[in-house]
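Nothing in this text is a laboratory measurement; each read-out follows from the coordinates by a stated rule. Computed from a predicted model, the values in this text were never measured in an experiment.
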């Protein structure tokens, strides 16, 4: 018998909310994939960058901080999507 699981920070939500969040994430990923692919194709076409350079890149502290802020903002937006209407 196992102990209690991790504390759930969100109230239980309905299936429609889960579907909405999942679809939003899927759309975000699709757009990002398309844009990333476009950048990579154009950079390679103009001889400016190859995929090995992308794989070898190590972001600096400023870039890591910016990425973290962007990730937190997205998570907060998604959190608002799962809050029932009328709740804060």
Inset, instruction - Find the percent of Cα-Cα distances in region 15-82 that exceed 21 Å, and round it to a whole number. - result: 46
Legend entry - Length gained when the stretch residue 29-residue 50 is fully extended (0.36 nm per residue, less Cα-Cα span): 5.3 nm
